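Here's the structure we're looking at; comments come further down.
The values are calculated or read from the model by the stated rules, or taken from the named source; none is laboratory data. Only a predicted model underlies this, so the values are computations on that prediction, with no experimental measurement involved. No Cβ is skipped: glycine too gets one built from the backbone with ideal geometry, and neighbour counts run over all protein chains shown. Each accessible area value is taken on the protein alone, full model and side chains, heavy atoms only, with ligands, DNA and RNA left out. Shrake-Rupley method; radii C 1.70, N 1.55, O 1.52, S 1.80 Å.
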Amino acid sequence: MSRFFLNSRESLVNDAIEGVILSSPYANLVKLDIDPAIRVVARSDWDKSRVAVISGGGAGHEPAHVGFVGKGMLTAAVCGDLFASPSVDAVLNAIVAVTGDRGCLLIVKNYTGDRLNFGLAAEKARSRGLKVEMVIVGDDIALPDNKQPRGIGGTALVHKIAGHAAELGRSLDEVLNITRQACENIFSLGVAMRTCSLPEGNDDEERIHSGQVELGLGIHGEPGASIMKTRNSAKIVGEMVKRLCKAAGKEARLAVMVNNLGGTSELEMGLIVAEIVRSPLHGQIDFLIGPATMVSSLDMKGFSLSVIRLNDAFTEALQAGVQAMGWRPLVPFAPALTQKVQAIRDSVEAKPSANAKTGAIVKAVTGTLIDLESELNALDAKVGDGDTGSTFALGARDIAKLLSEKKLPLKEPAALLLLAGERLATVMGGSSGVLMSIFFTAAGQKLTEDATLADALLAGLAQMKHYGGADLGDRTLIDALQPALEALKKKDLAAAAKAAQKGADATAKMGKANAGRSSYVGSDNLEGVKDPGAVAVAAVFAALAKE
């Protein structure tokens, strides 16, 4: 089944090109109206007074190649179908359309279809009297002994260096020479834990097994050069860096491009950068490029690293400004800054004290929640994210530990509730921890005003409802807690336990949750399932009724 947003497979690439042209912040792109089967995007401000720089290839690698068209980079990009080289006619028409007396440089990734189609187009253009040169990019080091290394992410760096030389008005020979030098000094390696999806829905999800990654796979989803039986980011980056260092040399000054292959989250990409900085490569890095999607492989869950050995000319070219929406500027490499700030801790000062009855209550409550961990998680897995039991148990274990270490103010109920509120906000995390902290903190504060315990707990409940936004009937723990506390106000613990159980049972018949993660779950999934928070409350009151 297709995982693509599209009108039709046939119009996918054309639609995408239209969207890129419409969204360019520089408003400097134009699609050449040549033939419906020919897709060429060029600079709208081009005047043929300089060497033209043309690249292209199959779609699916966005922002390459259209995203690199603009002042300071490519003059034009020739777009093929998805993962398919553009035709000879398409390339030839692009050359003729943008090439003047200064000539044209073609930048081609090292794939057979691209080499042949661009190469034949170059020959035909020369027969028309045009000066055309071609550079083939083969930056992939996955297979060191391969005589035909693939062109992958580092191609974007080649575009930048060639485009800068052309923008400065250099001759075709000068542009050609610096571009060749760039190709000789760029090394790339990719890794992925899931290959890319295709519109036909025939992506090979099972090829890369759980717990493994493929190292050195191609940007069209070609199998990798080797398998790593780990998904540990430090180990993966470490292996990639080792190979890149060997290729580039340990003395070279480097710019490192961190390229998202299309399906990796920004969170993970930030982690990859941190791993690079912690790796042996960090001492050689002068600049970072990215993390960003530069040369993608549709939605492949992976990334590639490209390094370029720097000299003054490359550094100048890479730092020069451009008007190409896909390029990301260099960032001078420096250690991450930190600033020491005094921590603010809203700690509750409470002197530990002993009280056997209160201690037994605390033990019963915490023990019940710890014992219920698996049961509550299982319930929550049906209606939420499956962690209610673990969250409550985490808070309970912390309080139980303080009890065993005799650090609780058991003789002072107000201080005990305030301390519980502080600890739960710290250790439980998420909304549950905050809500329980509000409950106990507000109740403890009310207790300092000489309120009864039941009134104090009801005051805590009122604040929980106020900040949390839930109420009776919303299918939360309130459906068990409120009736229990109202019964407790009458000093009847057995009635409170019975009321809590009745409230918890009622949640199984509520077809709609109006708060919490369950509110995003359909009624069919909720039917017959009790709210895990309400179940926890009922179990706690049942345990207290036995004390």
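Exactly one residue out of A37, A97 is surrounded by fewer than 20 Cβ atoms within 10 Å (Cβ to Cβ), farther than 21 Å from Q319 by Cα, of a type in the set (A, V, I, L, M, F, W, C) and modelled with pLDDT under 95, and it is A37.
Residues in region 257-272 that are in contact (Cβ under 8 Å) with a residue 40 or more places away in the chain and either assigned to a strand (DSSP E or B) or under 11 Å from the mean Cα position of the chain (by Cα) (or both): M257, V258, N259, N260, G262, G263. Of all residues in region 1-21, those that are among the basic types (K, R) have Cβ atoms under 9 Å from Cβ atoms of residues that are open to solvent by less than 60 Å² (accessible area, probe 1.4 Å) and assigned to a loop (DSSP other than H, G, I, E, B), 6 or more apart or on another chain, in R3/S197; R3/L198; R3/P199; R3/G201; R3/D203; R3/D299; R9/S2; R9/P199. R43 falls short on exactly one of the conditions (1) on the phi < 0 side of the Ramachandran plot; (2) crowded, with 19+ Cβ neighbours inside 10 Å; (3) in contact with a Phe, Trp or Tyr (Cβ under 9 Å, 6 or more places away or on another chain), and that condition is (3).
For region 116-165, taking the residues that are under 37 Å from the mean Cα position of the chain (by Cα) and basic (K, R), the one that is nearest to T75 (Cα to Cα) is identified as K160.
Within region 200-215, at least one residue is out of contact with any Asp or Glu (no Cβ under 9 Å at 6 or more places or on another chain), surrounded by 19 or more Cβ atoms within 10 Å (Cβ to Cβ), in contact (Cβ under 8 Å) with a residue 12 or more places away in the chain and outside any loop (DSSP other than H, G, I, E, B). Residues in region 166-186: is at least one modelled with pLDDT of 95 or more and in contact with a Ser or Thr (Cβ under 7 Å, 6 or more places away or on another chain)? Yes; the residues of region 166-186 include at least one that is modelled with pLDDT of 95 or more and in contact with a Ser or Thr (Cβ under 7 Å, 6 or more places away or on another chain).
If I filter region 339-351 for residues that are among the polar types (S, T, N, Q), under 30 Å from A420 (Cβ atoms) and touching a residue at least 12 places away in the same chain (Cβ under 8 Å), do I get at least one hit?
Within region 339-351, the first condition is being among the polar types (S, T, N, Q), and the residues that meet it are 339, 342, 347.
Then drop every residue that is not under 30 Å from A420 (Cβ atoms), which leaves 342, 347.
If we keep only those that are touching a residue at least 12 places away in the same chain (Cβ under 8 Å) too, we end up with 347.
For region 339-351, residues among the polar types (S, T, N, Q), under 30 Å from A420 (Cβ atoms) and touching a residue at least 12 places away in the same chain (Cβ under 8 Å): present.
Take L176 and decide whether it is more than 26 Å from the chain's Cα centre (by Cα), assigned to a loop (DSSP other than H, G, I, E, B) and aliphatic (A, V, I, L, M). Here the answer is no, as L176 does not meet what is asked. Taken over region 399-413, the residue count meeting the criterion of being at negative phi and in contact (Cβ under 8 Å) with a residue 40 or more places away in the chain is 8. Hey, could you check region 422-432 for residues that are assigned to a helix (DSSP H, G or I) and surrounded by fewer than 24 Cβ atoms within 10 Å (Cβ to Cβ) and say which is modelled with the lowest pLDDT? Step by step, filter region 422-432, then rank; the result is G430.
Only one of the numbered conditions (1) touching a Cys at 6+ places or on another chain (Cβ under 8 Å); (2) in contact (Cβ under 8 Å) with a residue 40 or more places away in the chain is not met by I38, and that is (1). Consider V13 carefully, then state whether it is part of a strand (DSSP E or B) and either open to solvent by less than 10 Å² (accessible area, probe 1.4 Å) or under 21 Å from G221 (Cα atoms) (or both). Against the criterion (part of a strand (DSSP E or B) and either open to solvent by less than 10 Å² (accessible area, probe 1.4 Å) or under 21 Å from G221 (Cα atoms) (or both)), V13 does not qualify.
Scanning region 311-329 for residues that are part of a strand (DSSP E or B), closer than 28 Å to N177 by Cβ and of a type in the set (A, V, I, L, M, F, W, C) turns up nothing.
Only one of the numbered conditions (1) closer than 27 Å to D474 by Cα; (2) open to solvent by less than 40 Å² (accessible area, probe 1.4 Å) is violated by A378, and that is (2). Can you tell me which residue within region 473-512, out of those that are under 40 Å from the mean Cα position of the chain (by Cα) and open to solvent by 70 Å² or more (accessible area, probe 1.4 Å), is modelled with the lowest pLDDT? Once the filter is applied, the top-ranked residue is K512. Taking region 224-256 as the range and being closer than 27 Å to A313 by Cβ, open to solvent by 20 Å² or more (accessible area, probe 1.4 Å) and in a helix (DSSP H, G or I) as the test, the residues that pass are R243, K246, A247. Restricting K131, K109, K124 to those that are at pLDDT 95 or above, open to solvent by less than 10 Å² (accessible area, probe 1.4 Å) and of a type in the set (K, R) reduces the list to K109. Of all residues in region 433-472, those satisfying the criterion of being over 10 Å from L418 (Cα atoms), over 34 Å from the mean Cα position of the chain (by Cα), among the aliphatic types (A, V, I, L, M) and part of a helix (DSSP H, G or I) are L453, A454, A456, L457, L458, A459, L461, A462. The residues of region 273-304 that are open to solvent by less than 10 Å² (accessible area, probe 1.4 Å), more than 25 Å from L176 (Cα to Cα) and not in a loop (DSSP other than H, G, I, E, B), listed by number, are I276, L281, I285, A292, M300, G302, S304.
Residues that are in contact with a Gly (Cβ under 8 Å, 6 or more places away or on another chain) and free of Cβ contacts under 8 Å to residues at least 40 places away in the same chain were ranked within region 134-181; the one that is least open to solvent (accessible area, probe 1.4 Å) is P149.
Note down all Cβ pairs under 7 Å where the first residue falls in region 457-468 and is of a type in the set (D, E, K, R), the second is assigned to a helix (DSSP H, G or I) and open to solvent by less than 40 Å² (accessible area, probe 1.4 Å), and they're at least six residues apart or on different chains. As it stands, the answer is K465/I478, since those pairs meet every condition given.
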